[in-house]
1. Peptide B:286-293: average number of partner chain Cβ atoms within 10 Å per residue?
2. Karplus couplings for the stretch B:162-175 from phi (6.51 cos²θ - 1.76 cosθ + 1.60, θ = phi - 60°), rounded to Hz, Gly and Pro as x?
3. Looking at chain A as a GNM with Cα springs under 10 Å, which of A:253, A:121, A:45 has the largest mean-square fluctuation?
4. Averaged across the residues of A:253-265, what count of C-beta atoms belonging to other chains lies within 10 Å of each residue's C-beta?
5. Scan around residue A:232 for amide H atoms under 5 Å from its own, H built in the peptide plane at 1.01 Å from N, and keep only partners 5 or more places away or cross-chain.
6. How much area per residue is accessible in the stretch A:114-240 when the probe is 1.4 Å and only protein heavy atoms are counted (Å²)?
7. Return the calculated 222 nm mean residue ellipticity for chain A, to the nearest 500 deg cm²/dmol, obtained by summing -39500 (n - 2.57) across DSSP H runs with n ≥ 4 and dividing by the residue count.
8. Inside 10 Å of the C-beta atoms of B:72-81, what's the mean count of C-beta atoms belonging to other chains?
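The values are calculated or read from the model by the stated rules, or taken from the named source; none is laboratory data. Since this is a predicted model, take the numbers as computed values, not measurements. Here the Cβ is made from the backbone with ideal geometry for all residues, glycine too, and neighbour counts use every protein chain on show. Ligands, DNA and RNA are excluded from the accessible area calculation, which covers all protein heavy atoms including side chains. Shrake-Rupley method; radii C 1.70, N 1.55, O 1.52, S 1.80 Å.
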Amino acid sequence: MQNPYLPYPVRIDDIITETEDKNLKTFKLVFLNPADEENFSFQAGQFAELSIAGKGEIPIGIASSPTEKGFLAFTVNKVGLVTTHLHNMKVGDIMGVRGPFGNWYPWDLMENKNVVIIGGGFAFTTLRSSIVYMLDPANRSKFKDIHVIYGARTPGMLLYGDELSAWEKRDDINMHITVDATDDPDWKYNIGFVPTITDQKAPAGDENTYAIVCGPPIMIKFTQPVLDKLQYDHDHIIMSLEMRMKCGIGICGRCNIGKEYVCKDGPVFTLGQLNNMPKEY
Amino acid sequence: MKCVKIDKKLFAGGIERLQTSYRLFGPVKDNNFHDFQALHVGETPDPTMLNTRLSPKSIVYPQSELMFEYSLDDSKKDSHILKEIVADNSPRVVIGIRPCDAKAFLLVQHNFDTLEYKDPYWVRAYEATTFVGLACNTPCSTCFCTTAGSGPFHEAGSDVLLVDTGDYYVAKIITPKGENLFKLAGWEEEAGSDNAAGEIENLKQAAEARITTRVNTDKLREKRTTDLFDASFWEEFAFSCINCGTCTYVCPTCWCFDIQDEVSKTAGVRMRNWDSCMYPLFTYHGSGHNPRDNKTKRLRQRFMHKLKYYVDKYEKGIQCVGCGRCIRFCPVNIDIRKLCEAMNNFEPAQKSI
Ligand SMILES: Cc1cc2nc3c(=O)[nH]c(=O)nc-3n(C[C@H](O)[C@H](O)[C@H](O)COP(=O)(O)OP(=O)(O)OC[C@H]3O[C@@H](n4cnc5c(N)ncnc54)[C@H](O)[C@@H]3O)c2cc1C
Ligand code: SF4
Ligand code: FES
């Protein structure tokens, strides 16, 4: 009987400090057994449980894209027991990964549609996965216009800086990067909160347009009225939720909202679905 | 169905014979309460018990269970790599389990044993276990099993059902597992089936008649989750709750657990422990945010899970067998029957559109 709690052993291959406050680091992990990588076949939007022997496990969105082979990447914010320990680990250290878990952004529904990605803070991880996936030469033609509205407090708090600049230069993706405030005279992008920039830059909603919204609760709260104003149907607004988790497979009973387990039936829900679920997240 | 008659004088001998093939568990009196414990050679289930304080769920799903082991000693080749710990899954038998508790395992099975994921610890332990049920001739005043999908003579979940008829037990053999166990015990005297069936039926009717409290669950399905969730009665029901978690620990159908690592020097284990939705840490995010940040929300979760979410998710009725333990042991007399009534009868003041 397969044990769904048993992590695949992985080695830390690279660690990148992403933000100026050094609280966010990206970990590139390589499977010790190549066969495990085959079994770990995932879609953009899914998450995994990172396991550290002696400390425990944490659910983290997969930041690498299914089109990137040979490694998995996770961007982790330092908050508590496991994340702090992980931040102190070194290249070459051995840890574990379980997954992939949860559902993903509805890639089949979004084929031949416009995709508007709206992200704030460090919730940009699975959105990075999604952008890399859509921009892959094998996939780009499957989607129409792609817009990305991504904001952080300051320029130094934006994740994946080099990639953001590279995407800015492309003509097959419309980037709208923003910061809450900056005194950097060289800042050449937007200044303003994500909801404001969404109001200014996002295309109007219609049956051919989907919005994927991920960010802190406050950003989500103020972005929703903007999307309503732009006439996005609630079934076309896609969100990814967070709950405290343990098992990641819908068994330990921890992460439910109503009858749905966020780890297994989510973390991706449409706003239309959430409207019919208890407001308990 | 095959019925076997066991002379009570021969009961202990059979139990003794089973000791060579099974690990035996049965209700034993421990101070003021009965609880399920391993039966030592010569020990038999205590016939005076009405029901145990804790449910027998721990025989399949221990309160604390080791899952993995590992070494943190970097000089070892496989340090930091987890290895599964497989528990002793040799055949075991639970003798004298009440029909409600046996049924509870079937409700819990929908959680641990699914098409997508199988919890190997639970599934192996459950498969290794044979359940010898003991019908209730004298149910307690807090029992409401007959309207909670079970009953004092309910058979689902038991491999054999024993009925106490005075000098004899009459046993209904329900599954091949049960039949095998009876062979090994040497209990093979067939009861004249007409006679036995009639006797069982009479006792069953008498027992069912003694159960006077009930729950109505017929309208739970059709209620809107968000209406029930926003109902005004939660505050009132939760007013006296102290979030002690007793109700979840004694419950045969509560299954939530936590996973923790524990290390001594360089040897570590990953284990799981029963957890409770009544505790604040259950949903506490690392960021400090807690979606269930007060006791009313936690109490609401417990009862919504049992009486609405489970009902909708699995379409197998409520996640409760009516054993009444939470009613008996709650220090402040919170009564699931009253909550069920409030939920089943709830009409939102205004239909939200
Ligand atoms: C689907 C999903 C995707 C996520 N993706 C990311 C990501 O890409 N990057 C990132 O930095 N963070 C992400 N998080 C949040 C991250 O899981 C928590 O910050 C992390 O578990 C905190 O662990 P800790 O041990 O440091 O904190 P502690 O407060 O010490 O927590 C102890 C344990 O509780 C559980 N826990 C605590 N907080 C959370 C939480 N918010 N969510 C789930 N479990 C929790 C974990 O098992 C954790 O080990 C995600 C959460 C979910 C549910
Ligand atoms: S046993 Fe009673 S007081 Fe304790 S948590 Fe349950 S309902 Fe609340
Ligand atoms: S994390 Fe265990 S049920 Fe979702």
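1. On the way: counts 11, 7, 2, 6, 1, 9, 3, 0.
That works out to 5 on average.
2. 8, 10, 7, 10, x, 7, 10, 9, 9, 10, 8, 7, 9, 10
3. Taking springs between Cα atoms under 10 Å, the residue moving most is A:253.
4. On the way: counts 12, 8, 3, 8, 3, 10, 10, 2, 2, 0, 0, 3, 1.
That average works out to 5.
5. Amide H to amide H, under 5 Å and 5 or more residues apart or across chains, residue A:232 pairs with A:205.
6. Numbers: 5670 Å² over 127 residues.
Roughly 45 Å² per residue, with all protein chains present.
7. Details: 7 runs with 59 residues, N = 281.
Roughly -6000 deg cm²/dmol at 222 nm, from the helical runs in chain A.
8. Values: counts 2, 0, 2, 0, 0, 0, 3, 2, 10, 9.
The mean count of partner-chain Cβ atoms within 10 Å per residue comes to 3.
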